[in-house]
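K.L.:
Please find one structure pasted underneath; my questions will follow.
Rule-based calculations on the coordinates, nothing more; no lab input. The model shown is predicted, which means the values in this text are computed figures rather than measured ones.
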Ligand SMILES: C[S@@+](CC[C@H](N)C(=O)[O-])C[C@H]1O[C@@H](n2cnc3c(N)ncnc32)[C@H](O)[C@@H]1O
């Protein structure tokens, strides 16, 4: 089991230097791809009748900025103090100084309420946080998110799609094949001596089928660990949906975002076409999202 405190320290160090440009990198006009995930979250909240939202792992309040004109009260917390400081400054700048914003970890039960106050949230979102959660904590985090809202409340959790590896033909593909699909110990146990000897080289033979140098590893800016150097997992959508149901979510649906019209290694050959065609594919319920979308949202309601 991963040491929680150690994981949290590394994640907070990774994000500490990102508070000022995170919004520009992922939401602003210069972002490599428009924030289709945030548009989907906002649409889902508005259609679902949300009025009072908890944003767990809110970062620099990017989503508050994105939904600034929506008739939804917003409150949030984050593990990284620098993110919380930036979020507070932003809330004041855009006239949402009444937002409660506090430091807290989704790994703690107590973090889902502002210190010393109780707010009846009717909706909660968890965007970009699940990659940084140790696997054995996933269900508990989804359970806490459900517990934070009133019965029937709307729940949205975003995650990176592990099945995207079936399309990317690169290092994540190898990880999917070699670590999640192929059961090496079971094969070895079932193999004859001669077959076992042949199996030994197969991991390398498998790696040779993929571009193992891609994507480039994201390192830190100033000596801190980068995104790919801290715990940053991808999830299998169906597994996470099952975990959500066990955690007290009902009416769970999987919605796909950030489609790729071609495997991402081809983007640099035809960048404009790649972007246009990918955007044209953005349909959260298109089955191809299972393998062509790099992220997905679980949407559901708290039981009761
Ligand atoms: C990819 S950013 C997303 C920020 C924001 N939700 C957004 O969509 O713009 C991930 C955020 O999760 C926060 N985070 C990571 N682990 C966390 C934890 N255990 N509890 C609370 N926040 C966490 C990080 O500090 C960071 O601000």
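K.L.:
Using every alpha carbon pair in the chain, what percent of pairs falls into each 20 Å bin from 0 up to the bin containing the largest distance?
P.N.:
P(r) for the chain, in whole percents per bin: 31, 58, 11, 1.
K.L.:
Still on this structure, please answer the following. For the range 50-191, just run the numbers: alpha carbon Rg, then divide by 2.2 N^0.38 Å, N being how many residues it has.
P.N.:
Details: Rg = 18.7 Å, N = 142, 2.2 N^0.38 = 14.5 Å.
Computed over Cα atoms of the range 50-191, the ratio equals 1.29.
K.L.:
If you consider only alpha-carbon coordinates, what radius of gyration and Dmax does the range 241-304 have, in Å?
P.N.:
Just the Cα atoms of the range 241-304 yield Rg and Dmax of 15.0, 51 Å.
K.L.:
Mind pulling the angle between the C-alpha long axis of helix 237-246 and the longest principal axis of the chain? Nearest 10 degrees, somewhere in 0 to 90.
P.N.:
On a 0 to 90 degree scale, this one is about 50.
K.L.:
Which percent, to the nearest 5, of DSSP beta bridges fully inside the chain are antiparallel? Provide the component values of the computation, followed by the final result.
P.N.:
Details: 15 of 34 bridges.
Of all bridge pairs located within the chain, approximately 45 percent are antiparallel.
K.L.:
So, in Å, what gap is there between the alpha-carbon centers of the range 190-227 and the range 107-177?
P.N.:
Distance between centres, Cα-based: 27 Å.
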